[in-house]
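The values are calculated or read from the model by the stated rules, or taken from the named source; none is laboratory data. Quick caveat: nothing in here was measured; it's all calculated off a predicted structure. Reconstructed Cβ throughout: ideal geometry from the backbone, glycine too, with neighbour counts over all protein chains shown.
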Amino acid sequence: MQFKNPQFLILLVVWVPLVWVYVRREKKRPAIRFSDLSIIKKLPKSPMTYLRHAGIALRCLGVGLLIIALARPQKGTSEEEVTSEGVDIMLVLDVSYSMRSLDFQPKNRIFVAKETLKDFIKKRRNDRIGLMIFAKRCYTKCPLTLDYNILTQFLESVDFEDFGDATAIGTALATAGNRIKDSPAKSKIIILLTDGGNNFGDIAPLAAASALGQLGIKVYTIGVGKDGEVPYPMEIMDRSTGKIVGTQIQMVKSDLDEQLLADIAQATGGQFFRAQNAEKLKEIYDKIDKMEKTEIKTKIYSSYSDKFFPWLIAGALVLILENVLAHSWLRRLP
């Protein structure tokens with residue numbers, strides 16, 4: 001609640017002269033002298049004795065209510081309009097067999113990547129996010145959506161799909177760009193995570209990156225995995241039955257092409273990041289989250305209606321009550 005004319009509240013100082021005049025008059029009220037008051041003191045006191053000052057209290061209350069009405073109390077309602085210029089984000093995740101490598105102990109690369117992406121999705125607001133996986137081929141797991149619960153469910157279901165043991169980075173970029181290029185969003189970005197170099201596909205990665213840059217699509221590239229040899233679970237097959245009977249950990253050489261990923265990011269105005277452990281990967285996605293914030297604009301509309309009438313009625317009724325009591329139950333003689 002607010003007051004339209006709050007300056008009138010200064011009139012509440014009128015209480016001071018009202019009380020001062022009342023006290024002064026009470027002190028000067030004429031009295032009758034008696035030689036002995038002992039008999040009178042033994043008489044029961046009338047309830048009116050305790051209410052003898054109710055008149056001035058009611059008068060002050062009534063005047064105060066009228067002054068508040070004069071200040072015009074108002075009650076307002078506010079409506080908030082929130083508009084956002086969202087960011088469309090296509091998450092592109094490598095699911096080639098090399099993502100099984102165990103250098104992100106105690107889990108493999110794909111598990112850590114999925115958990116980090118879940119945290120990234122939780123932090124976003126008002127952005128459409130999609131998910132695409134790739135290896136030798138590409139597949140859109142989830143189109144751009146604002147339903148982060150559904151997106152997270154699709155992400156949890158990601159495994160090593162039967163896309164072949166290859167890494168088609170150029171094809172993945174072109175496919176992701178095709179999914180996002182017609183978006184009306186102010187900002188469109190692709191976050192590509194891979195642990196290998198481009199070794200398959202008819203589309204050159206840098207050609208795809210150049211096209212994305214011309215379309216205003218920014219690409220952030222993330223290379224995961226430690227340098228040199230890394231532990232990899234090799235499947236052991238029974239030659240007689242052709243069935244897999246177990247796994248054996250062997251050391252294999254990582255083939256991440258850092259220069260290619262850096263060139264892709266540079267061609268689109270993005271940035272290349274390198275993650276050799278789970279903590280660093282989380283820091284990278286946190287940094288991208290801060291770099292690509294959605295701009296939110298807020299407008300507040302307020303409307304007010306006068307509420308002085310109940311105060312006016314209450315003040316008038318209190319003063320009328322005070323006047324009635326002053327000439328009836330609270331009347332004094334002389």
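Going residue by residue through region 68-77, is there one that turns out to be surrounded by 12 or more Cβ atoms within 10 Å (Cβ to Cβ), farther than 22 Å from Ile320 by Cα and either at pLDDT 70 or above or not β-branched (Val, Ile, Thr) (or both)?
Here is the first cut: in region 68-77, the residues surrounded by 12 or more Cβ atoms within 10 Å (Cβ to Cβ) are 68-74.
The next check asks that each one be farther than 22 Å from Ile320 by Cα; those that pass are 73-74.
Subsequent filtering for residues that are either at pLDDT 70 or above or not β-branched (Val, Ile, Thr) (or both) retains 73-74.
Looking through region 68-77, at least one residue is surrounded by 12 or more Cβ atoms within 10 Å (Cβ to Cβ), farther than 22 Å from Ile320 by Cα and either at pLDDT 70 or above or not β-branched (Val, Ile, Thr) (or both).
Out of the residues in region 159-179 that are hydrophobic (A, V, I, L, M, F, W, C) and under 21 Å from Leu260 (Cβ atoms), state the one that is nearest to the chain's Cα centre (by Cα). Write out each step before concluding.
Just the residues of region 159-179 that are hydrophobic (A, V, I, L, M, F, W, C), to begin with: 160, 163, 166, 168-169, 172-174, 176.
Narrowing the set further to residues that are under 21 Å from Leu260 (Cβ atoms) leaves 163, 166, 168-169, 172-174, 176.
Details: Phe163: 38, Ala166: 40, Ala168: 37, Ile169: 35, Ala172: 32, Leu173: 31, Ala174: 33, Ala176: 28 Å.
Taking the candidates together, the pick is Ala176.
Out of all the residues in region 189-207, is one or more under 35 Å from the mean Cα position of the chain (by Cα), over 28 Å from Lys253 (Cβ atoms) and free of Cβ contacts under 8 Å to residues at least 40 places away in the same chain?
no
If the requirement is being surrounded by 22 or more Cβ atoms within 10 Å (Cβ to Cβ), under 25 Å from the mean Cα position of the chain (by Cα) and under 15 Å from Thr152 (Cα atoms), which of these qualifies: Ile133, Ile129, Ile121?
On the way: Ile133 fails: under 25 Å from the mean Cα position of the chain (by Cα); Ile121 fails: surrounded by 22 or more Cβ atoms within 10 Å (Cβ to Cβ).
Only one candidate passes the filter, namely Ile129.
Restricting attention to region 87-107, which residues are part of a strand (DSSP E or B) and aliphatic (A, V, I, L, M)? First the steps, then the outcome.
Within region 87-107, the first condition is being part of a strand (DSSP E or B), and the residues that meet it are 87-94.
Hits for region 87-107 are Val87, Ile89, Met90, Leu91, Val92, Leu93.
State all residues of region 126-163 that are in contact (Cβ under 8 Å) with a residue 40 or more places away in the chain, farther than 20 Å from Val112 by Cα and not charged (D, E, K, R); if no residue qualifies, say none.
Asn126, Leu144, Phe163, listed by residue number.
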